[in-house]
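Below: one structure, written as structure tokens.
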Amino acid sequence: MAVIRKDNPHTVKAPSGRLSYRRVFPPELRAHIAHLGVKPTELKRSLGATRLSDPGASERWQAADAEWNAIVAQATKLATETYDRLTPGRIADLMDALERSWHLADERELAERGEEFADLAWAGWDEMLSEYKQWRVERDVDAMVEHWGRSAEAVLASERIVLDPNDPSGLEAFCSAWNDRRIAYSPAAIARLKGDIVPIPPEPTVLREPASPPPAAPSAAKSFESLADAILSSPRIPIGISTKQMAATALRYFREAFGTPRPAEITKERVSEWLDLVAKRPAKLPPDERMIPLRELVARYEGVAGVERLAPKTLATLLGALSAIWNKAQRQEGVIPDSIPNPFVGRASLGGHRPEERQELSLAEIHAMFALPIFTRGERPKRGRGEASYWLPLLLLWTGARPEELAQLMTADVFPDPEDPDGRWMLRITDQGVHPIKGRRSLKTTKTESGRRTFPVHRELLALNFIVFVDHVRASGQTALFPELTTKGARGLLFAGWGEWWSLYVRKKGILPPGGGRRPSREFRHNWNTAARQSRIPKDAREYLLGHVQSGGSANDLYGGKGALGDYVDSLQFKGLDLSGVTPWEAPPAG
């Protein structure tokens, strides 16, 4: 049993006599610490010594303690949603430090490995420099983020910088600057490989700007925005994360249009004008335009053809978030007089999809997706998170499940049917159990429990060696079916980061047009339902398999179990679908 040393905090002595740093994390921060990819209960680091007076032990203790404090600082920012902003000055500071580290690393490698390093470095620059320049000319931010993103995130984490997980503009700006600095650094790197003496830049002594500039002093006037901010930040008032995020966006758009009016100054006419402006805002913008004020942005894109604007459904969601905040301020908190009517209500007709917007993917698009080298040649892109890049699209197609439901699957959710003599394989969609990365699992329908369902694994998945894959994951000691997926965003979703990559990847391959529009993951659910109708699968079975609450039913629907409805999976066929080019899954080579 390890013994805690009383003469030094957070130091534990094992029976062997070896010391380690062990310090528990605050329970209220553990869910956010898990999102940082760290074991959420405690930090444990070996001190490599039996006494703190041994050489290096004290330094290792201090490093571990600094690491613990850095993790807690990051998690606190996530918990309180007090995110950092990457100003141009701060990005330049980080780039200066990075460039110095590149010089030092190249000098060290050249001294230690000589010609071997020079050959490898030459090949690397020869292969990639033209790519970096092409991305810069084409302003291909997606390619920059895919290439530099993980390294950039590691640097930001080391600097205790926490960006808003729902606003990619900060990371995109950082990766763009990283790409530019690598281009600018290349002449020095290449000169060094030729044997030239290249000076190493001095360590920066003066920072241009802090990571987060001090907040502006709040206005003394009780504007609607100030009242809304107080409600959104109050731990006493329960508001969902998604509503908070949408309300913050809506408040920003409103401020950019009208400043910060008091509640009495916000009329229905003013809200109508605001909606007209928001409806003209482009749905997709380059990183350097995302913070342009609403009115200026609308003027810039006025009359520009071919620009996708915000969808009516998005307008309805923004409006609904402001209406909900107004109601809480008026009815619950009493900070808006009852005599002032809610100006954000009465516009339900804004919702829904554009009438011309086709949801499901075409057969040609599906064929093109599954003709990608991921499925035909075993390619595994870096950001595809290993075998998730192969299995998630196939599971989306053949199960019709929601993306997050599949991303949070665990190996225990695939099992032989104990009541079937042949032991056919079953798949369970559930919110029960704790995922090793995500924590407590959830379903969109958790409140009604309608999303829980179990059904046979489709024969097409079996033919592609899905069970061989599951057994392989089990044998590796993992309990998560896709252990390389990590959470993203304030809601801690596993699919979010992967889905973002998949969308960019599919569009980059020319299968779907760039920008917004249909999503190459969620839309499989539409295709599945169409195929289920064509396969004559009854409505109650389709609703069970999709995890819907059955609508328009009778009292009889409330009696008895619905597990038998899952058997209709065996009837599912996609008319005209040919996936014969998809190579059955094989375990990757060891090592």
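The values are calculated or read from the model by the stated rules, or taken from the named source; none is laboratory data. Here the structure is a predicted model, which is why all the values come from computation and not from measurement. Don't worry about glycine lacking a Cβ; one is built from the backbone with ideal geometry, like all the others, and counts go over all protein chains shown.
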Does at least one position in the stretch 156-168 carry a residue that is within 23 Å of ARG507 (Cβ to Cβ) and part of a helix (DSSP H, G or I)? no
Which pairs do you get when a residue that is within 18 Å of GLY384 (Cα to Cα), found in the stretch 468-495, comes within reach of a residue that is acidic (Asp, Glu) and at pLDDT below 90, reach meaning Cβ atoms under 8 angstrom, with the pair 6+ apart or on two chains? LYS488/GLU500
Could you tell me whether SER476 is at pLDDT below 95 and either surrounded by 15 or more Cβ atoms within 10 Å (Cβ to Cβ) or more than 27 Å from the chain's Cα centre (by Cα) (or both)? no
Give the number of residues within the stretch 163-188 that are more than 31 Å from the chain's Cα centre (by Cα) and either buried (at least 19 other Cβ atoms within 10 Å of the Cβ) or without any contact (Cβ under 8 Å) to a residue 40 or more places away in the chain (or both). 1
Is it the case that PRO235 is at pLDDT 85 or above and in a loop (DSSP other than H, G, I, E, B)? no
Checking the condition touching a residue at least 12 places away in the same chain (Cβ under 8 Å), within 17 Å of TRP501 (Cα to Cα) and surrounded by 22 or more Cβ atoms within 10 Å (Cβ to Cβ), which residue from ALA401, ALA388 passes? ALA388
Name every residue in the stretch 485-504 that is farther than 18 Å from VAL145 by Cα and either crowded, with 18+ Cβ neighbours inside 10 Å or at pLDDT 90 or above (or both), in order of residue number. ALA490, GLY492, LEU493, LEU494
Going by the conditions given, is LEU361 in a loop (DSSP other than H, G, I, E, B) and at pLDDT 85 or above? yes
Among the residues of the stretch 12-40, how many are part of a helix (DSSP H, G or I) and surrounded by fewer than 17 Cβ atoms within 10 Å (Cβ to Cβ)? 2
Residue in the stretch 240-248 that is at pLDDT 85 or above and either assigned to a helix (DSSP H, G or I) or surrounded by 14 or more Cβ atoms within 10 Å (Cβ to Cβ) (or both) present: yes
Do the conditions hold for LYS328, that is, is it in contact (Cβ under 8 Å) with a residue 60 or more places away in the chain and assigned to a helix (DSSP H, G or I)? yes
Every pair of residues 6+ apart whose Cβ atoms lie under 6 Å, when the first sits in the stretch 421-436 and is within 17 Å of GLN408 (Cβ to Cβ) while the second is modelled with pLDDT under 90 and of a type in the set (A, V, I, L, M, F, W, C): ASP431/LEU443
Residue among THR50, THR87 that is farther than 16 Å from ALA157 by Cβ and in contact (Cβ under 8 Å) with a residue 60 or more places away in the chain: THR87
If THR76 meets every condition in (1) under 30 Å from GLU289 (Cα atoms); (2) without any contact (Cβ under 8 Å) to a residue 24 or more places away in the chain apart from one, which number is that one? (2)
Taking the options ARG507, ARG518, name whichever one is buried (at least 16 other Cβ atoms within 10 Å of the Cβ), modelled with pLDDT under 90 and within 21 Å of GLU172 (Cα to Cα). ARG507
In the stretch 113-139, which residue that is free of Cβ contacts under 8 Å to residues at least 60 places away in the same chain and crowded, with 18+ Cβ neighbours inside 10 Å is nearest to ASP288 (Cα to Cα)? TRP135
Among the residues of the stretch 41-79, what is the count of those that are part of a loop (DSSP other than H, G, I, E, B) and either among the hydrophobic types (A, V, I, L, M, F, W, C) or not assigned by TED's automatic domain parsing to the domain that holds PHE25 (or both)? 3
Yes or no: the stretch 122-136 includes at least one residue that is under 19 Å from THR82 (Cβ atoms) and either at pLDDT 80 or above or in contact with a Lys or Arg (Cβ under 8 Å, 6 or more places away or on another chain) (or both). no
Give the residues of the stretch 411-455 that are modelled with pLDDT under 90, over 26 Å from ALA34 (Cβ atoms) and touching an Asp or Glu at 6+ places or on another chain (Cβ under 7 Å), sorted by residue number. GLY423
Condition check: in a helix (DSSP H, G or I) and either assigned by TED's automatic domain parsing to the domain that holds LEU494 or not hydroxyl-bearing (Ser, Thr, Tyr) (or both). Does VAL145 satisfy that? yes
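Results for (1) modelled with pLDDT of 85 or more; (2) not β-branched (Val, Ile, Thr); (3) not assigned by TED's automatic domain parsing to the domain that holds SER339, shown as yes or no for each residue.
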| residue | (1), (2), (3) |
| --- | --- |
| TRP274 | yes, yes, no |
| VAL278 | yes, no, no |
| GLU289 | no, yes, no |
| LEU294 | yes, yes, no |
| VAL304 | no, no, no |
